[in-house]
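Peer 1: Sharing a structure here in structure tokens format.
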């Protein structure tokens with residue numbers, strides 16, 4: 001605790017970097033995953049599952065340093081970390097998005113069609129709102145693991161909260177490592193709570209009280 | 001970009017394949033750490049998860065562990081354990097950290113495998129006179145196996161992604177090539193190590209996935225024996 005109080009502003013700076021490299025991948029990755037879940041035709045679902053499952057399995061450090069050979073980016077620095085985190089969000093959100101959309105009742109879809117909605121209206125006004133609970137659930141998983149994986153970026157020179165692990169280990173200060181773990185958990189839980197709240201606000205019909213006469 | 005000349009030089013260099021930090025030794029250490037950690041974790045997690053699923057007691061533990069474990073950075077857990085237990089016990093602390101990382105998904109897999117069994121199946125097993133042990137051994141374990149293997153798959157992925165960091169606390173494993181290569185700016189070594197890690201991990205993941213599909217296929221009723 002003493003270590004944390006003495007170094008609070010330093011940890012704050014690392015936390016800011018941490019957020020700045022994780023938030024982009026969470027947002028962009030989720031949007032791409034939703035897009036993929038919508039456009040991949042049914043017969044390519046199984047190959048897509050295999051490929052995305054395989055990417056999901058790649059250890060993060062190995063992915064960070066494999067990207068430069070493919071993309072020509074620099075080995076050190078945040079670029080590879082941001083790309084890798086985006087890939088992980090896509091792989092994890094893709095499955096959640098597919099589930100979320102498949103749980104929209106068929107009867108609701110056909111009713112909306114019968115009411116004369118076109119595909120775009122159907123998506124915006126029926127499918128998307130009804131998929132929100134599933135999408136938020138997937139997003140909560142993806143955001144927590146992204147915040148946690150981002151720490152490994154410190155190994156390739158990103159000064160985020162993972163830096164506290166490397167520095168604390170080298171200088172043998174357990175308090176520094178523990179401060180890092182706690183800071184990561186606090187950020188992850190705060191994002192989780194925020195997403196939960198957004199989910200509640202976006203689905204007002206779920207918590208509406210039913211007045212029975 | 002990856003320079004092929006540099007890559008060739010490194011691949012042919014002495015010490016790349018043999019010796020304490022040769023790829024052969026590092027591969028063995030990598031696999032050993034992964035497998036030992038998974039076995040230790042499975043010995044604890046599978047009985048525990050099945051017990052919680054069977055009795056229904058303590059299911060909040062499973063749910064709480066599941067969401068907390070995603071937020072805890074595995075790298076911090078690894079470093080903290082090695083530092084707190086002392087660097088002279090680093091093998092032990094690394095295996096302990098890896099086993100801890102593998103526990104939540106394994107417990108969750110065993111737990112959900114047992115709880116999703118239709119109550120009618122368990123009731124009819126009991127009605128046939130099966131003892132609790134027979135019910136667990138001959139009904140719950142086989143029916144829970146796909147979900148159990150699914151938990152194993154997640155645990156494997158988590159453990160391997162942390163094994164790669166073991167060189168940072170002074171052990172070996174294939175991550176050594178990445179850490180050393182980054183420090184020495186030997187990017188051929190970095191790339192080759194990363195590619196080997198990726199290939200091995202994906203092969204392992206696909207193998208476990210195959211096992212899961214086999215286990216699922218075994219549970220499907222043969223043709224003609226579906227619903228009456």
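Peer 1: Only one of (1) exposed (fewer than 14 other Cβ atoms within 10 Å of the Cβ); (2) part of a helix (DSSP H, G or I) fails for residue B:33. Which number is that?
Peer 2: Failed condition: (1).
Peer 1: On to the next question. Considering every residue within segment A:47-59, establish whether at least one is closer than 28 Å to residue B:183 by Cβ and more than 16 Å from the chain's Cα centre (by Cα). Break it down stepwise before answering.
Peer 2: To start, the set of residues in segment A:47-59 that are closer than 28 Å to residue B:183 by Cβ comprises A:55, A:57-59.
Narrowing further to those that are more than 16 Å from the chain's Cα centre (by Cα): A:58-59.
Checked against the condition, which is being closer than 28 Å to residue B:183 by Cβ and more than 16 Å from the chain's Cα centre (by Cα), segment A:47-59 yields at least one hit.
Peer 1: OK, next. Which of the helices (runs of 4 or more DSSP H) found entirely inside segment B:136-228 contain at least 2 residues meeting this: under 30 Å from residue B:47 (Cα atoms)? Don't jump to the end; show me each part of the working.
Peer 2: Numbers: elements: B:141-163, B:175-184, B:187-219.
In segment B:136-228, B:141-163, B:187-219 are the helices (runs of 4 or more DSSP H) which contain 2 or more residues that are under 30 Å from residue B:47 (Cα atoms).
Peer 1: Quick check, is residue B:148 out of contact with any helix residue (DSSP H, G or I) (no Cβ under 6 Å at 6 or more places or on another chain) and in contact (Cβ under 8 Å) with a residue 40 or more places away in the chain?
Peer 2: Values: out of contact with any helix residue (DSSP H, G or I) (no Cβ under 6 Å at 6 or more places or on another chain): no; in contact (Cβ under 8 Å) with a residue 40 or more places away in the chain: yes.
Against the criterion (out of contact with any helix residue (DSSP H, G or I) (no Cβ under 6 Å at 6 or more places or on another chain) and in contact (Cβ under 8 Å) with a residue 40 or more places away in the chain), residue B:148 does not qualify.
Peer 1: Would you confirm whether any residue within segment B:135-158 is more than 10 Å from chain A (Cβ to nearest Cβ) and over 15 Å from residue B:113 (Cβ atoms)? If you could, list the steps in order and put the result at the bottom.
Peer 2: So in segment B:135-158, the residues more than 10 Å from chain A (Cβ to nearest Cβ) come out as B:135-152, B:155.
Within this subset, residues satisfying the condition of being over 15 Å from residue B:113 (Cβ atoms) are none.
No, every residue in segment B:135-158 fails to be more than 10 Å from chain A (Cβ to nearest Cβ) and over 15 Å from residue B:113 (Cβ atoms).
Peer 1: Moving on. Would you check which residues across segment A:135-181 are at the interface with chain B (Cβ under 9 Å from one of its Cβ atoms), under 21 Å from the mean Cα position of the chain (by Cα) and within 21 Å of residue B:65 (Cα to Cα) and list them?
Peer 2: A:140, A:141, A:144, A:145, A:147, A:148, A:149, A:150, A:151, A:180, A:181, listed by residue number.
Peer 1: To continue, here is another question. Where in segment A:1-118 are the helices (runs of 4 or more DSSP H), entirely inside, with at least 3 residues that are without any contact (Cβ under 8 Å) to a residue 40 or more places away in the chain and within 12 Å of chain B (Cβ to nearest Cβ)?
Peer 2: Numbers: elements: A:2-6, A:8-39, A:45-57, A:60-71, A:78-102, A:106-114.
Fully inside segment A:1-118 and qualifying: A:45-57, A:60-71.
Peer 1: Which number in (1) in contact (Cβ under 8 Å) with a residue 24 or more places away in the chain; (2) over 22 Å from residue B:179 (Cβ atoms); (3) within 14 Å of chain A (Cβ to nearest Cβ) marks the one condition that residue B:49 misses?
Peer 2: Among (1) in contact (Cβ under 8 Å) with a residue 24 or more places away in the chain; (2) over 22 Å from residue B:179 (Cβ atoms); (3) within 14 Å of chain A (Cβ to nearest Cβ), the lone unmet condition for residue B:49 is (3).
Peer 1: Filter segment B:160-205 for residues that are in contact (Cβ under 8 Å) with a residue 40 or more places away in the chain and on the phi > 0 side of the Ramachandran plot; which is surrounded by the most Cβ atoms within 10 Å (Cβ to Cβ)?
Peer 2: Within segment B:160-205, the match that is surrounded by the most Cβ atoms within 10 Å (Cβ to Cβ) is B:173.
Peer 1: Here's a follow-up. Do we find that residue A:69 is over 30 Å from residue B:63 (Cβ atoms) and buried (at least 20 other Cβ atoms within 10 Å of the Cβ) in this structure? Working first, answer last.
Peer 2: On the way: over 30 Å from residue B:63 (Cβ atoms): yes; buried (at least 20 other Cβ atoms within 10 Å of the Cβ): yes.
In short, yes.
Peer 1: Follow-up question, since we're still on this one. If residue A:122 satisfies all but one of (1) more than 10 Å from chain B (Cβ to nearest Cβ); (2) closer than 25 Å to residue A:64 by Cα, what's the number of the condition it fails?
Peer 2: (2)
Peer 1: In addition: How about segment A:23-36: which of its residues are over 13 Å from residue A:139 (Cα atoms) and under 8 Å from the mean Cα position of the chain (by Cα)?
Peer 2: Result: no residue meets the conditions.
Peer 1: Right, next: Which number in (1) more than 12 Å from chain A (Cβ to nearest Cβ); (2) at pLDDT 90 or above marks the one condition that residue B:219 misses?
Peer 2: Against the list (1) more than 12 Å from chain A (Cβ to nearest Cβ); (2) at pLDDT 90 or above, residue B:219 comes up short only on (2).
Peer 1: Looking only at segment B:177-205, how many residues end up being within 22 Å of residue B:102 (Cα to Cα) and more than 7 Å from chain A (Cβ to nearest Cβ)?
Peer 2: Residues in segment B:177-205 being within 22 Å of residue B:102 (Cα to Cα) and more than 7 Å from chain A (Cβ to nearest Cβ): 4 in total.
The values are calculated or read from the model by the stated rules, or taken from the named source; none is laboratory data. In this text the structure is predicted, and so the values were computed from the model without any measurement. Here the Cβ is made from the backbone with ideal geometry for all residues, glycine too, and neighbour counts use every protein chain on show.
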